[in-house]
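We did not get these values from a lab; they are worked out from the coordinates using the rules stated. This is a predicted model, so every value here is computed, not measured. Cβ placement follows ideal geometry from the backbone for every residue including glycine, while neighbour counts extend to all protein chains displayed.
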Amino acid sequence: MPDDSAMMLAAGSVADAALTGLLQPRKTLPAKLFYDEEGCRLFGRITELPEYYLTRTELALLADVAPRVAGMVHEPAVLVEYGASDETKAEFLLRTSVFRAYVPIDVAVPQLEQMRARLLKRRPDLLVCTVPADFMDVAALPTEVPSLPRLGFFPGSTIGNLDPLEARRFLQAARGALGDRSWFLVGVDLRKDPAILLPAYDDAQGVTAAFNRNLLVRLNREAGADFDLGAFAHRADWNDDASRIEMHLVSLHDQLVHVAGQAIRFARDETIHTENSYKYAPEQFAALAEQAGWHSAELWTDPARLFSLHLLEPRRGP
């Protein structure tokens, strides 16, 4: 667990990250701020909603694909999961005999520590090396990670939360961190009818709305903010030109909000853009991976073609 000085630094970082976006002409908040303890709990509920097809579809795919992926990786190996706040999806791979070590990377420190404790109890033979960091900032793995072939793992279509330039930069950094003897299994949500997409981000029970507004709860608690939660509404839009879902918090009236002592004005109907979720055709993502130094070696989709898993390998040659 982090010491008190680390916690104070984290709180300051929350305020800095928030103000960087909120002081722009078009206000934004970084998606990484979603995942405090309550945000993780709410996202867990989202994954169980009937409208949220992504998790159950990916889990069914992983159950089928994981043994085949493990069979392609040179044994023994290391599993490196980017954005790992629990081990549910990694377990499909870890239950094989291939992996000697597991490296989960995530900003949610309490969840990482709880996961480490669970795995050490169940799998004392497995080296668990947690990395409490933004996965975008990991250029190299800790020195205690064994020098074995590595399988990177980035499930959940979290790659879709990055704009294409950020996604390419992330994939390039992962290529460097994982090394030449590596594979990378990436979950990618597919472009489809907005009638299927939009309810997944604006469910009937209002769980996604609570998840979105929890950003403001966190800023009130950790960044000295004074947001009135009842003065902001959740909204999800489909941007067809950009092929992405956009989540917003909409100001219901003109108002003045303070964050870390900084006054911020909101006009009625002005929004805070809180998240993007890009949707890709398989060939679009394969092309993006190629630009980042990877080659899409295998592609799996569910029968309804809602979701995909790409197995990438380092691209050879120019």
Quick one: if the Förster radius is 41 Å, what FRET efficiency do Gln114 and Asp240 give, using the C-beta to C-beta distance and rounding to 0.05?
0.55
Just the C-alpha atoms of region 125-182: what Rg/Rh do they give, with Rh taken as the Kirkwood radius?
0.97
Principal axes of region 240-318: Cα extent on each, largest first, Å
54, 33, 21
Given 271-282, 27-38, the highest-first ranking by average Cβ count within 10 Å works out to 271-282, 27-38
Taking r as the C-beta separation of Arg45 and Asp125 and R0 as 45 Å, the FRET efficiency to the nearest 0.05 is 0.85
Nearest 20 debye, what's the magnitude of the dipole of region 185-237 about its Cα centre given +1 on Lys and Arg Cβ and -1 on Asp and Glu Cβ?
100 debye
Cβ-based net charge around Val128, under 12 Å, with every Lys or Arg adding one and every Asp or Glu removing one:
+1
Size descriptor, Kirkwood hydrodynamic radius, that averages inverse alpha-carbon separations across region 7-87, Å
16.2 Å
Per its Cα gyration tensor (rounded if a/c is under 1.5, else prolate when a/b beats b/c, else oblate), region 70-140 is best filed as oblate
For Tyr35, the net charge from surrounding residues (Cβ-Cβ under 11 Å; K, R +1; D, E -1) works out to -2
In degrees, nearest 10, the alpha-carbon axis of helix 164-178 is tilted away from the dominant principal axis of the alpha carbons of the chain by 40 degrees
Can you tell me the relative contact order of region 87-132? Whole percent, Cα pairs under 8 Å, sequence separation 6 or more.
47 percent
Residue-averaged 222 nm ellipticity for the chain, from DSSP H runs of 4+ at -39500 (n - 2.57), nearest 500
-11500 deg cm²/dmol
Hey, what angle do you get for helix 282-291 against the long axis of the chain, alpha-carbon based, 0 to 90 degrees rounded to 10?
80 degrees
Exactly which trypsin sites (Lys or Arg not before Pro) in region 69-101 are in a DSSP loop and have at most 16 other Cβ atoms within 10 Å?
Arg95
Among Leu215, Val107, Pro76, whose Cα projects farthest towards the positive end of the dipole of the chain, with charges put on the beta-carbon of Lys, Arg (+1) and Asp, Glu (-1)?
Pro76
Computed label-point distance, nm, for sites Lys192 and Ala267 using a 7 Å Cα→Cβ extension
3.7 nm
Work out the length of the dipole vector of region 75-173 about its Cα centre, built from +1 on the beta-carbon of each Lys and Arg and -1 on the beta-carbon of each Asp and Glu, and round it to the nearest 20 debye.
340 debye
Computed over the chain: longest principal axis from alpha-carbon atoms vs helix 37-46 long axis, angle to nearest 10 degrees, is 70 degrees
Between Arg68 and Glu290, what length comes free when the chain is fully extended (0.36 nm per residue of separation minus the Cα-Cα distance, one decimal in nm)?
77.7 nm
Please give me the summed charge of the neighbours of Phe170: other residues whose Cβ is under 12 Å from its Cβ, Lys and Arg +1, Asp and Glu -1.
-1
Unit charges on C-beta of K, R, D, E only; dipole of the chain, Debye:
640 debye
What is the chain's relative contact order, in percent, from Cα pairs under 8 angstrom and six or more apart in sequence?
20 percent
State, in angstrom, two size descriptors of the chain derived from its alpha carbons: Rg to one decimal place and Dmax to the nearest whole number.
19.8, 60
In Å and from the alpha-carbon atoms only, list the Rg and Dmax of region 198-279.
13.3, 38
